[in-house]
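The values are calculated or read from the model by the stated rules, or taken from the named source; none is laboratory data. All values reported here derive from a predicted model rather than from experimental measurement. Here the Cβ is made from the backbone with ideal geometry for all residues, glycine too, and neighbour counts use every protein chain on show.
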Ligand code: XMP
């Protein structure tokens, strides 16, 4: 394992992903973790991330020198680089030599461990106020910029390396290569962390954890629960029962994808609960977004609990016990639940499959170490259908929060048809993986006058909400080609009864959220 010490900016997760792209397993630890504890994890290498502080600030995160004395290879980036310089006896000045954004880097030792085979002039991404003016003793300065005399230093003898810039961001043109040089050449690591090995490792771990007990898993139609279930199925086969609660709020074809395609690809035993009527009844007359969300979450848990009780009873009748529940927890959830305080409650997000704590099961979480893009690779490795593996984000409460107004069966059918057309045309235009997602929203309580054939119409508008995003925390509206928008609009107004207008949402997030409710 390579440990990335997080000094509090957004960069640690990105660094961890880049290390994994180099096929070396990495994890993130907070900078508040004592060095003894970090070393007790027996890391093969340590990376110090960037961070928002200045080493001169009161209360800025510090680092115990002992980290550099343990013989573990270390790579410092940005703030991590300055900490390294300072604690090893170099000089860091607060003299206004600030640099932000793309900056030319001059490599003075082109054959060095970090820079071998990369150009002598390369562009790097900088973001710093302080600057290192003298490297610690025993270190060779290997690169500089116009403003900063020491932009990289290396000490092969102690296997300690550092760069002032951010090699992990795309704008550093040879950043990934430099990072790989640290991992392979500096730290002597092998690129062995492959999707294939991840699957093998997880399958073995699941077998070990579960033994001969039975396992239950809720499927939502999304990629995480599908990949988690497929891994468990591969590990313990028919000890697994999957439960799919059909709440009637999925998009066209998604229920069939789970019931037919997923089952065909994996051979899982599937229990389908048709709860459409129940959800519609519970939602009748409700228009407040938070209330709708709460109802959907509550009903989901009730229906799932009942289905789980049935699975337990059936197993019991055969003298078997169901002891485990699969959850599709991802690595970012694990890292984030370690920190992150007091953010305002904008929406009560819930995941279908987000279950109460007091269920009588122990958890199996085979995706706990993985980032989303890695989950998709595992899904492909396991042969899951592309529609599931590459499914764009879709909210747990589903179409229930894309009908502005009361949710009824008619309105759901209408929205499903409009949404299917938008998705078909986006796919046909090859835009699926370009945009983050494109909610289609039905303004069910709004009507406008139109004309179709010779007649007057008085129908509802639908809103297209195509967005681009990295992580859904912020988003921009996607500049879709006009001809694609035109095809979607023409087809929806022609093919979907009662919809006579298509409008485009051109709001970024913030101030708009991605979903309308
Ligand atoms: P917002 O609307 O908050 O959405 O900008 C951010 C992202 O989260 C998705 N979303 C949800 N996902 N349960 C989920 O699992 C929810 O209740 C939920 N609400 C929104 C949304 O589609 C977008 O990707």
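Taking the numbered list (1) surrounded by 11 or more Cβ atoms within 10 Å (Cβ to Cβ); (2) within 16 Å of the ligand (Cβ to nearest atom); (3) at pLDDT below 95 in turn, residue 452 passes all entries but (2). Scanning the range 377-415 for residues that are part of a loop (DSSP other than H, G, I, E, B), away from the ligand (no atom under 16 Å from the Cβ) and surrounded by fewer than 21 Cβ atoms within 10 Å (Cβ to Cβ) turns up 382, 383, 385, 405, 406, 408.
When 472, 418, 422, 444 are checked against the criterion of being within 16 Å of the ligand (Cβ to nearest atom) and buried (at least 18 other Cβ atoms within 10 Å of the Cβ), 422 stands alone in meeting it.
Can you tell me which of (1) in contact (Cβ under 8 Å) with a residue 40 or more places away in the chain; (2) not assigned by TED's automatic domain parsing to the domain that holds residue 25 is the one residue 163 doesn't meet? Among (1) in contact (Cβ under 8 Å) with a residue 40 or more places away in the chain; (2) not assigned by TED's automatic domain parsing to the domain that holds residue 25, residue 163 violates only (2). For the range 504-517, a tally of residues being in contact with a strand residue (DSSP E or B) (Cβ under 6 Å, 6 or more places away or on another chain) and near the ligand (Cβ under 9 Å from one of its atoms) returns 3.
Note on the range 55-152: enclosed strands (runs of 3 or more DSSP E) holding 1 or more residues that are farther than 24 Å from residue 189 by Cβ are 91-93, 99-107, 121-128, 131-134, 140-144. Within the range 161-171, being modelled with pLDDT of 95 or more and either closer than 20 Å to residue 110 by Cβ or surrounded by fewer than 20 Cβ atoms within 10 Å (Cβ to Cβ) (or both) holds for 161, 162, 163, 164, 165, 167.
Just one of the listed residues (23, 17) is in contact (Cβ under 8 Å) with a residue 40 or more places away in the chain and within 21 Å of residue 159 (Cβ to Cβ), namely 23.
Conditions (1) closer than 23 Å to residue 419 by Cβ; (2) in contact with a helix residue (DSSP H, G or I) (Cβ under 9 Å, 6 or more places away or on another chain); (3) surrounded by fewer than 22 Cβ atoms within 10 Å (Cβ to Cβ), marked per residue:
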{"site": "204", "(1), (2), (3)": "no, yes, yes"}
{"site": "215", "(1), (2), (3)": "no, yes, no"}
{"site": "231", "(1), (2), (3)": "no, yes, no"}
{"site": "238", "(1), (2), (3)": "no, no, yes"}
{"site": "242", "(1), (2), (3)": "no, yes, no"}
{"site": "282", "(1), (2), (3)": "yes, yes, yes"}
{"site": "286", "(1), (2), (3)": "yes, yes, yes"}
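Of the residues in the range 413-429, at least one is over 25 Å from residue 480 (Cα atoms) and modelled with pLDDT of 95 or more. Would you confirm whether or not the range 431-441 contains a residue that is in contact (Cβ under 8 Å) with a residue 40 or more places away in the chain and away from the ligand (no atom under 16 Å from the Cβ)? Taking every residue of the range 431-441 in turn, at least one turns out to be in contact (Cβ under 8 Å) with a residue 40 or more places away in the chain and away from the ligand (no atom under 16 Å from the Cβ). Of all residues in the range 475-488, those satisfying the criterion of being surrounded by 15 or more Cβ atoms within 10 Å (Cβ to Cβ) and within 16 Å of the ligand (Cβ to nearest atom) are 475, 477, 478.
State which residue is farthest from the ligand (Cβ to nearest atom) when the search covers only the range 489-503 and only residues that are under 11 Å from residue 462 (Cα atoms) and in a helix (DSSP H, G or I). By that ranking, first place goes to 493. Determine whether the range 239-248 contains at least one residue that is out of contact with any strand residue (DSSP E or B) (no Cβ under 8 Å at 6 or more places or on another chain), touching a residue at least 40 places away in the same chain (Cβ under 8 Å) and on the phi < 0 side of the Ramachandran plot. Looking for residues that are out of contact with any strand residue (DSSP E or B) (no Cβ under 8 Å at 6 or more places or on another chain), touching a residue at least 40 places away in the same chain (Cβ under 8 Å) and on the phi < 0 side of the Ramachandran plot, one finds at least one in the range 239-248, hence yes.
Restricting attention to the range 476-488 and to residues that are in a helix (DSSP H, G or I) and without any contact (Cβ under 8 Å) to a residue 40 or more places away in the chain, the residue that is nearest to the chain's Cα centre (by Cα) turns out to be 485.
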